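S.K.: Let me begin by handing over the structure; questions about it come next.
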Amino acid sequence: MSTTEPDALLGPADIRELAAELGVRPTKQRGQNFVIDANTVRRIVRTAEVRPDDVVVEVGPGLGSLTLALLEAADRVVAVEIDDVLAGALPATVAARMPGRADRFALVHSDAMLVRELPGPAPTALVANLPYNVAVPVLLTMLERFPSIERTLVMVQAEVADRLAARPGNKVYGVPSVKANWYADVKRAGSIGRNVFWPAPNVDSGLVSLVRRTEPIATSASRTEVFAVVDAAFAQRRKTLRAALAGWAGSAPAAEAALVAAGISPQARGESLTVEEFAAIAENKPAGTSGAAGNEPAGAAGNKPAGSGE
């Protein structure tokens, strides 16, 4: 439905010129790698299946490459940016390059992990080139806090994309895989080369699609209770669940009792279980045990910085 000029999107020269004007140098600390290819951001928008009636939230918009492409396709875009300089400059960039749609853009100057409400209508989609060093906790936190988000497409480090989309039994299946699957059906949605970024990262990137479950996981256990089991199971992933869940249950025999009650072999390992099976274990936790795990913010436990390889 684009009604914008063909050159409204940012190219390599535009990005470098904007960065020079602002005195911006991408920082590894914040996992900043700016997309400099208009075809790539349009591909992301297509893959995300952004619709004309969508309210899209974007985390880490940077200089605005993806933001402008989203504005071409969506009804409204809300960008969450932590960087002071970038947050200050983005509204002007939008107004200059897409004046006809500037009123459909809003900026939230904040750390995404701290955002609990967004201006305007509830978001229906999350599309973002997530800062690699905080990708998983940001993704899981946004899905938890904004249940109106139906569809998500994020660009993350390829290794993290593989982890998020992994199925039980896969060697990279772990905490991010299970927690993401609590909220959504997750799948890999493509790969992105290094040469579309400035600066070029030392790792490949991948797209991950998450479509929120129409029906939540059927369980009497809360998300916190289920995530506590997940964290405990993968904290010692080489151990059997009987041993790994001993601390969570209060003892190894108590863990075995909970596993048997849930219909799961005490000799199984966490990497073989579905999110529904973790929920069944949580439902059968022995009475009177508190379990130390699971008090962290959504997605915080068990997730090493996603950009540590850069």
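Each value in this text was obtained by applying a stated rule to the coordinates, not by laboratory testing. Predicted model, so just to flag it, every value in this text is computed and none were measured. When we count neighbours, we look across all protein chains shown, and the Cβ atoms used for this are built from the backbone with ideal geometry, even at glycine.
S.K.: Can you count the Lys pairs in the chain with C-alpha separation below 28 Å, eight or more apart or on different chains?
M.R.: Number of lysine pairs found: 17.
S.K.: Still on this structure, I have one more. At Ala287 and Thr224, where each label point lies 7 Å from the Cα along Cα→Cβ, what is the point-to-point distance in nanometres?
M.R.: The answer from the label model is 2.1 nm.
S.K.: Provide the gained length on full extension for the span Asp185 to Ser148, in nm with one decimal, where the gain is 0.36 nm per separating residue minus the Cα-Cα distance.
M.R.: Contour length minus the Cα-Cα distance gives 11.8 nm.
S.K.: So if I take the alpha carbon set of segment 239-280, get Rg, then get Rh from the Kirkwood formula, what is the Rg over Rh ratio?
M.R.: 0.91
S.K.: Would you grab the residues whose amide H sits under 5 Å from the one on Gly190? Only those 5+ places off in sequence or on another chain, please, with H modelled 1.01 Å from N.
M.R.: Leu207
S.K.: Same structure again: For segment 27-168, restrict the atom set to alpha-carbon positions and state the Rg and Dmax in Å.
M.R.: That works out to 14.0, 48 Å for Rg and Dmax.
S.K.: Using a Gaussian network model of the chain with C-alpha springs under 10 Å, which one of Val85, Val172, Val156 is most mobile by mean-square fluctuation?
M.R.: Comparing Val85, Val172, Val156 in the GNM, the peak value goes to Val85.
S.K.: Among Ser205, Ser191, Ser222, whose mean-square fluctuation peaks in a Gaussian network model of the chain (Cα, cutoff 10 Å)?
M.R.: Between Ser205, Ser191, Ser222, it is Ser222 that shows the largest mean-square fluctuation.
S.K.: Separate question: What distance in nm lies between label points placed 7 Å from Cα along the C-beta direction at Ser265 and Glu17?
M.R.: Roughly 6.4 nm, to one decimal.
S.K.: Grab the DSSP H runs of the chain that are 4 residues or longer, score each as -39,500 (n - 2.57), total them, divide by all residues and round the 222 nm result to the nearest 500 deg cm²/dmol.
M.R.: Calculated from helices alone, the mean residue ellipticity at 222 nm is -10500 deg cm²/dmol.
S.K.: Using the eigenvalues of the Cα gyration tensor, what equivalent ellipsoid semi-axes result for segment 149-220 when each is taken as the square root of five times the eigenvalue, whole Å, largest first? Before the final figure, lay out the partial values.
M.R.: Working: eigenvalues 132, 40, 12 Å².
Largest first, segment 149-220 gives 26, 14, 8 Å.
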